[in-house]
Amino acid sequence: MKLNRLAAGLSLGLGLACAAYAQTTTLKIGYATTKESHYGVGSTVFCDEIEKGTQGRYKCQHFPNSALGGEREQIEAVQLGTQDLVNTSTGPVGNFVPEVKIVDIPFLFRDYDHARKVMDGPIGQDILAKFPSKGIIALAWTENGFRHMTNSKRDIVKPSDAAGLKMRTMENKVHMDGYRTFGILPTPMAFPELFGALQQGTVDGQENPIPVILSSKFAQVQKHLSLTGHVYSPALLLMSPRVWNKLSDADKKVFVEAARKGGAAQRKKVNDDENNGIAQLEKDGMKVIRTVDGAAFREALKPAYANYAKEFGADNIKKITDVQ
């Protein structure tokens, strides 16, 4: 009799364990850089928070280093529902949600404080609300950082120093139009191809935030770094509506709050890399130009700004620059 009761107890326990296991949904999250990078840090905090907040009913499998493709491909996969989540720069996002393009304008943001206030305030939140109609859920802003120029040829202090350089850019018309005013030859290329292209000399340089330059080990293939800070590069945690629409209202709140915490952790990692990474890049052999002629770069941009005003509305640009 005791044996029967023991067997029944074991069977029940095993059944409950199997049921709990069956109820765990594993979500695929991808990003372009390493798991130790700012994208990896933000994604890990986000995933830990959703696992905790849903009592283990949801967890993540990470696909760093562009394992699921370039950012554009991953956004498409999220839109199609073949990938669950992506932590991506805004670079290619404007191809899906045009309203995002305004935040990619060069020299739009004064500093990190200004940029983060815009993203977290009404302007940034209004942009997030545009995503569902395009078949994507934007959970929160994360961060990539202020972009700086590197190249294998020479120091860049003023726009004329950059003239004639073949510079890898994202597939982003707003960036490319701005860079052309500096005399740069913009060369759009998916991020996974970039290191090899720099190594082989297919392009002379690239532009990215310090955390990306660090985690991608660009010091191995680039000698000159200029702290141009020419574009603030926000990033986004995007989710497939296929998954979102299955969530309860309570779980949706967990995911949004987890994304906010992930974004905060990602920003902190950006700050840490900015504070410590430049010295590390110098140790790795890069020559760092800390002071560039920002006024000359802004002056060179004036023709592009006339076009931006036509495309986005001068009033909309002013609303961003006026945020204190």
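Quick notes on this structure:
- Additional length obtainable on full extension of the chain from ALA314 to LYS283, 0.36 nm per residue less Cα span: 6.8 nm
- Taking the helices alone, the chain has a mean residue ellipticity at 222 nm of -14500 deg cm²/dmol, built from -39,500 (n - 2.57) per DSSP H run of at least 4 residues and averaged over all its residues.
- Cross-link pairs beyond the 30 Å C-alpha cut-off, checked among LYS28/LYS253; LYS158/LYS319; LYS217/LYS252; LYS217/LYS253; LYS223/LYS318: LYS217/LYS252; LYS217/LYS253; LYS223/LYS318
- Here the Karplus curve 6.51 cos²θ - 1.76 cosθ + 1.60, taken at θ = phi - 60°, turns the phi angles of segment 85-91 into couplings of 9, 9, 9, 10, 5, 6, x Hz, with x standing for Gly and Pro.
- Sorted by Cβ neighbour density within 10 Å, fewest at the top, the residues PHE182, PHE63: PHE63, PHE182
- Placing one equal scatterer on every Cα of the chain and applying the Debye formula, the log10 ratio I(q)/I(0) at q = 0.10 Å⁻¹ is -0.58.
- For CYS60, distant residues with modelled amide H under 5 Å away: LEU27
- Total charge dipole magnitude, segment 24-321, about the Cα centre, Cβ charges on Lys, Arg, Asp, Glu only, Debye to nearest 20: 100
- Label separation (GLN125 vs LYS223): 5.1 nm, computed from points 7 Å beyond Cα along the C-beta direction.
- In the distance distribution for segment 98-138, Cα-Cα pairs more than 11 Å apart total 67 percent.
- Relative contact order (%) - the chain, alpha-carbon pairs under 8 angstrom, separation at least six: 26
- Here ARG180, ARG290 are placed in order of increasing Cβ neighbour count within 10 Å, fewest first, which gives ARG290, ARG180.
- Centroid-to-centroid separation of segment 90-113 and segment 244-277 [C-alpha atoms, Å]: 19
- With neighbours defined as other Cβ atoms within 10 Å of a residue's Cβ, the residues THR24, THR291, THR181 order from fewest to most as THR291, THR24, THR181.
- 3J(HN,Hα) from dihedral phi, segment 268-273, Karplus parametrisation 6.51/-1.76/1.60, rounded to Hz, x for glycine, proline: 4, 5, 4, 4, 4, 5
- Most to least packed among 28-40, 252-264 [average Cβ atoms within 10 Å]: 28-40, 252-264
Every read-out reported here was derived from the displayed coordinates using simple, explicitly stated rules and does not represent laboratory data. As the structure is a computational prediction, the values presented were derived from the model and not from experiment. Neighbour counts run over all protein chains shown; Cβ positions are idealised from the backbone, glycine included.
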